[in-house]
1. Specify the inter-centroid distance of segment 346-402 and segment 284-344, based on alpha-carbon positions, in whole Å.
2. Quick one: compute the contact order of the chain, relative version, from alpha carbon pairs under 8 angstrom and 6+ residues apart, as a percent.
3. Any chance you could list P(r) for the chain, counting all Cα-Cα pairs in 20 angstrom bins from zero, rounded to whole %?
4. Using unit Cβ charges (K, R positive; D, E negative) and no other charged atoms, how large, in debye to the nearest 20, is the dipole of the chain about its Cα centre?
5. Can you give the relative contact order of segment 269-419 as a percent, counting alpha carbon pairs under 8 Å and 6+ residues apart?
6. Let me know the whole percent of all Cα-Cα pairs from segment 1-122 that are separated by more than 17 Å.
7. Please say if segment 101-256 is rounded, prolate or oblate, where rounded means a/c under 1.5 for a ≥ b ≥ c the square roots of the C-alpha gyration tensor eigenvalues, and otherwise the choice is prolate for a/b larger than b/c and oblate otherwise?
8. For segment 31-141, give me the percentage of DSSP beta bridges that are antiparallel, rounded to the nearest 5 percent.
Amino acid sequence: MPDEHRQDTPETAVPDRCEVLVVGAGPAGSACARHLAVAGVDVLLVDQHDFPRDKVCGDGLIPDAHAALRRLGAYDEVAALAQPVAHVRCVATRGAHCDVPGTLSVLPRRQLDHILVRHAVAGGARLATPVRFEAPLEEAGRVVGARLKTAAGVREVRSRWVVIASGAVPQALIAAGMCERHTPSGVALRGYVRNDAMVGRIAQLQIVWHSRMKGGYGWIFPAPGGVFNVGAGLTGSHVRTAAGKGRMQDVNLRRFFDAFCDVYAPARELMAGGTLQGELKGAPLRCSLIGARWSRPGMLVTGEAAGSTYAFSGEGIGKAMETAALAADALIAARAGGSSADDEAVRARYEASLEAIKPKFDLYEIASHVNHRPWLTDLVVWRANRSPRILRRMSGVLEETQNPGRLLSWKGIAKLLLE
Ligand SMILES: Cc1cc2nc3c(=O)[nH]c(=O)nc-3n(C[C@H](O)[C@H](O)[C@H](O)COP(=O)(O)OP(=O)(O)OC[C@H]3O[C@@H](n4cnc5c(N)ncnc54)[C@H](O)[C@@H]3O)c2cc1C
C-alpha cells in the first residue's frame with residue numbers, strides 16, 4: 001500500500017540496562033511502553049521489524065480501541081487518518097442484514113502501529129529495531145533481562161521487568177517459558193483491494209456468516225482512499241491431540257476465502273472489479289485470555305500473547321492496548337509504592353486485573369458457537385430488524401455500555417429469540 005504518512009521513527013542502539021524491557025511494538029507493546037515512559041519509567045521497546053511495518057489484520061477499530069487510543073492520547077492523530085464508519089453490518093446466511101450502530105473506524109495497521117510506536121517514543125520510551133527477543137536472562141528463577149539479537153550481534157540487556165507483547169505468533173512466548181498452548185485459537189486471511197466504484201456502496205464494517213464458512217465469517221471493511229480490507233477467518237481451527245499437542249484441522253483458508261466470494265455478491269464484485277494490492281496473507285489469532293501464563297517473577301505477558309483477542313469477533317486491537325495498560329498500571333503502582341522489585345505485588349495486581357476482565361472474554365468464547373451454527377444469525381438478524389430494543393442492545397454490547405451476558409450467553413441468545 002502507498003505509505004503517504006511515512007515518517008522516520010527515531011531509534012536507539014540497545015543499551016546494557018533499562019528498568020522495563022518491552023518486547024514487541026504492536027498496539028500492546030507500544031501502549032505499555034508509552035504508559036510506562038510517561039510515568040517516568042526508563043523503558044526500552046524492541047521489535048523484530050523496523051517501522052512502519054505491515055501486520056495482517058482486518059484493521060477495524062471498534063469502540064474499545066477508540067477508548068484505549070484516547071487514554072493513550074493518540075486518538076486525534078488516528079482519527080485524522082482513519083476512515084470513520086457508523087455501523088457494523090451483520091449479514092446472515094440467507095442474505096438478510098441488520099446495521100448495528102457504533103463508534104468505528106478503519107486504519108491499516110501499517111499506519112496505526114507506526115503512530116503508536118512514535119507515540120511511545122514521544123512519551124520517552126527508547127525504541128530499538130530490528131531487534132529480536134531470543135531468551136530471558138534468569139537468576140535464581142527470576143527474569144532479570146533478555147538476550148536480544150540485533151544487526152550487530154547478540155546483546156544482553158538487564159532489566160527489572162520484561163513485558164512480553166509479541167502477539168499471536170508463539171515463538172517469543174515459547175522462548176520466554178510462558179507458552180501453555182502452541183497452537184492458535186484461530187486463523188484468518190486478508191487482502192487489500194482498491195475499487196473506487198465500491199466507495200460509498202460498502203460503507204459499514206460488513207461481517208458475513210454462511211453455512212459454507214462454518215466456524216467463522218468473511219468481512220469487508222472500508223479503509224481510507226478507495227481501499228477495502230477483505231478477508232475471512234475462523235476460530236477453533238486447531239484441535240488438541242490425545243498427546244496434548246495441537247494440530248490444524250483440515251482447513252484451507254484460501255478455499256474459505258473463495259467460498260466467501262462465492263456466497264456474497266459484494267465480495268465477488270469487489271474482487272472482480274478491483275485491484276488486489278499485494279497478496280492475500282494469513283495469520284494466527286490467540287483468544288480468550290488463554291494459552292499463556294500471564295506472569296512469572298520479573299516477567300509479564302500482555303496483549304495477544306496473553307490471548308487478549310475476542311473469540312467470536314476476532315477483534316483484538318483495543319483489548320491488546322487495554323491489557324497493556326493494566327500491565328503498565330501494575331508496574332507503576334508498585335514503583336509508586338517503592339517496591340518495583342516486589343514481584344508478588346506486581347504480579348498479583350496484574351493477574352487480578354486480567355481475572356476481572358476474563359468473564360467478558362468467556363462470553364465471547366461462548367458466542368463464538370454462533371460461528372459454528374451460522375443459521376442462528378438468520379434468527380438474530382430477523383429479530384433485530386423487528387425490535388429497535390434488541391438492536392440497541394447489540395449496539396450497547398459493541399460500545400461496551402451493556403453487559404454482554406444479556407446477549408452473548410446461551411441464555412441471552414435464547415431470550416433474544418423468544419422475547
Ligand atoms: C486476519 C486478522 C484480522 C484481524 N482483524 C482485526 C480487526 O479488524 N480489528 C481488531 O481489533 N483486531 C483484529 N485482529 C486481531 C489483532 O490483529 C490483534 O488482536 C492485535 O494485533 C494484537 O496486538 P498485539 O500488540 O498484542 O500483537 P501484534 O500486533 O501482533 O504485535 C506484536 C509485535 O511483536 C513483535 N514480535 C514478535 N516476536 C518478537 C520477538 N521475538 N522479538 C521482537 N519482536 C517480536 C512483532 O513483530 C509485532 O510487531 C485480526 C487478526 C487477524 C490475524
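Just so you know, all these numbers are worked out from the coordinates, no wet-lab data involved. For clarity, every value in this text was computed on a predicted model and none was experimentally measured. Using ideal geometry, Cβ is built from the backbone for each residue, glycine included, and neighbour counts are taken over all protein chains shown.
1. If you average the Cα positions of each part, the centres end up 21 Å apart.
2. Details: 949 pairs, mean separation 82.3, N = 419.
In percent, rounded to a whole number, it is 20.
3. Values per bin, smallest distances first: 27, 57, 15, 0.
4. Here the size comes out at about 1120 debye.
5. Working: 158 pairs, mean separation 27.1, N = 151.
Relative contact order comes out at 18 percent.
6. Value for segment 1-122 (Cα pairs over 17 Å): 60 percent.
7. Oblate shape, in that a/c is at least 1.5 and b/c is the bigger or equal ratio.
8. 75
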